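The values are calculated or read from the model by the stated rules, or taken from the named source; none is laboratory data. What you see is a predicted model; the values in this text were computed from it and never measured. No Cβ is skipped: glycine too gets one built from the backbone with ideal geometry, and neighbour counts run over all protein chains shown. With ligands, DNA and RNA removed, areas are computed over all heavy atoms of the protein, side chains included. Shrake-Rupley method; radii C 1.70, N 1.55, O 1.52, S 1.80 Å.
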Amino acid sequence: MRTALLQSSGRPGSVDENLKVLDEAADRAAAAGAGLLAAPEMFLTGYAIGHDIGRLAEPADGDSADAIAEIADRHGLAIAYGYPERDGDTVFNSAQLISAEGVRLANYRKTHLFGCFERDHFRPGEQPVVQAELNGLTVGLMICYDVEFPENVRAHALAGTDLLLVPTAQMHPFQFVAESVVPVRAFENQLYVAYVNRVGREGEFEFVGLSTLAGPDGVARARAGRAEELVFADADPVALAGSREANPYLSDRRPGLYGSLV
C-alpha cells in the first residue's frame, strides 16, 4: 500500500485551516497513487496551544471527524490524523484512522504521555493495541513517545500488526528517535513503521521533522528533511512475509524467561 506522510505543523490554533491543509495533501497523495495519508500528532488543532487544547477538543465522532471522512471519501484514500479527543470532561491525545469510504476504523488514545505539558492537558489511554484492516494490511496506531517503549511495539507485533502508524511531535534534541530508534523498532518487530512528525518552532518546542517509513529490514523507505514535505513509500505485504520468514524473532522468543519485565 502506497503511504503518504504529511510532515507539517499545519496552522496551530485553527482547525479550519488544518482541514484545508489536509484536503490539499489528500489531493496530492491520491494523485500519486497513495492509499493512505498519515498526518502528525495533534495535527487537527496544533500541539503547543496551551489551554486551547481543551477548548478545541472534539469527540471521536465530532464535526472534524465528519469533515475528514468527507475528504477521505472524496479523494478515495484512507486518512490517519492526530487530534485532542474530548470524552465528557476528559481530554485524550488521540489518533484516528478513517477509511477511503469515510468510515471511522480505529481510534487510539496515547498511553504514554511525555513531559509536564502533556500530563497537564491529557489523561493517558489504557488500550495499548488498536488495529484495523486496511487494503490487505493490519494497521496499528500509537503516538510519538509510545514507540520509544519496546514493549508497546512488541505488543503490536504479537497482535499481528503489519503497518504501525505513529503520528508524532518529535522535538529537538531527540531526533535520534526518528533516525535510529524507529528503524530498529521496525526490524526487531518485523513490521513497517510510519513515523510522521511536525516541523518547525511551535511555542517552546522545536519539531525536527525527519518523518520516515521504515521497513522490516530496518531500512528507511522514505525520509523527509527538516521542512514541510509530503513523502511516499510502500508497505508491501509480500516483502513483509519474506522478511518475517528470514528473521524469526517472534517465533524464537522465550516468554518464560521474561517474567521479571513485568
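Annotations for the structure displayed:
- Dimensionless Rg ratio for the chain, taking C-alpha atoms and the 2.2 N^0.38 Å reference: 0.93
- Extension gain, Val184 back to Val238 (0.36 nm per residue minus Cα-Cα distance, nm): 17.4 nm
- Which of Tyr108, Tyr258 is most accessible, then next, and so on - probe 1.4 Å: Tyr258, Tyr108
- Largest first, the extents of the alpha carbon coordinates of the range 1-93 on the three principal axes equal 40, 22, 20 Å.
- Hull shadow area, averaged, the range 179-229 [alpha-carbon convex hull, nm²]: 3.4 nm²
- 3J(HN,Hα) couplings calculated from phi for the range 220-235 with the Karplus curve 6.51 cos²θ - 1.76 cosθ + 1.60 (θ = phi - 60°) are, in sequence order, 6, 6, 8, 8, 7, x, 10, 10, 4, 6, 10, 10, 10, 7, 9, 9 Hz; Gly and Pro show x.
- Over the chain: helical MRE at 222 nm, DSSP H runs n ≥ 4 each giving -39500 (n - 2.57), nearest 500: -8000 deg cm²/dmol
- Charge dipole of the chain (Cα centre as origin; +1 on each Lys and Arg Cβ, -1 on each Asp and Glu Cβ, all else neutral): 620 debye, rounded to the nearest 20.
- The mean of 1/r over all pairs of different alpha-carbon atoms in the range 209-262, once inverted, gives a Kirkwood hydrodynamic radius of 13.8 Å.
- Tilt relative to the chain, helix 63-75 - C-alpha long axis, 0 to 90 degrees, to 10: 70 degrees
- Restricting the GluC sites (Glu not before Pro) of the range 200-237 to loop positions (DSSP other than H, G, I, E, B) with no more than 10 neighbouring Cβ atoms within 10 Å leaves Glu204.
- The average projected area of the range 45-192, computed from the convex hull of its Cα atoms over all directions, is 8.8 nm².
- Rg(Cα)/(2.2 N^0.38 Å) for the range 148-262, N = residue count: 1.14
- Here the range 152-262 is treated with +1 on each Lys and Arg Cβ and -1 on each Asp and Glu Cβ, and its dipole about the Cα centre works out to around 280 debye.
- The range 1-147, accessible surface, carbon-and-sulfur percent (1.4 angstrom probe): 45 percent
- Per-pair calculated FRET efficiency, R0 = 22 Å: Glu206 and Asp120 via Cβ, rounded to 0.05: 0.65
- Since only Ala30, Ala100, Val184 are under comparison, the one whose Cα sits farthest along the positive direction of the charge dipole of the chain, derived from C-beta charges on Lys, Arg, Asp and Glu, is Val184.
- Charge-dipole axis of the chain as Lys and Arg at +1 and Asp and Glu at -1 on Cβ define it, positive-most pick from Gly46, Ser260, Leu163: Ser260
- Label sites at Asp63 and Ser260, each approximated as a point 7 angstrom past Cα along Cα to Cβ, lie 5.6 nm apart.
- Accessible surface area normalised per residue over the range 1-124 is 37 Å², counting heavy atoms of protein chains with a 1.4 Å rolling probe.
- Other-chain or far-sequence residues with amide H under 5 Å of Val91's (modelled H): Arg123
- Rounded to the nearest 10 degrees, the inclination of helix 237-246 to the longest alpha-carbon principal axis of the chain is 40 degrees.
- Per DSSP, loop GluC sites (Glu not before Pro) in the range 76-166 with at most 14 further Cβ within 10 Å: Glu101, Glu126
- The Arg253 and Arg2 beta-carbon pair, evaluated with R₀ = 30 Å, returns a calculated FRET efficiency of approximately 0.40.
- For Arg221, distant residues with modelled amide H under 5 Å away: Leu213, Ala214, Gly215
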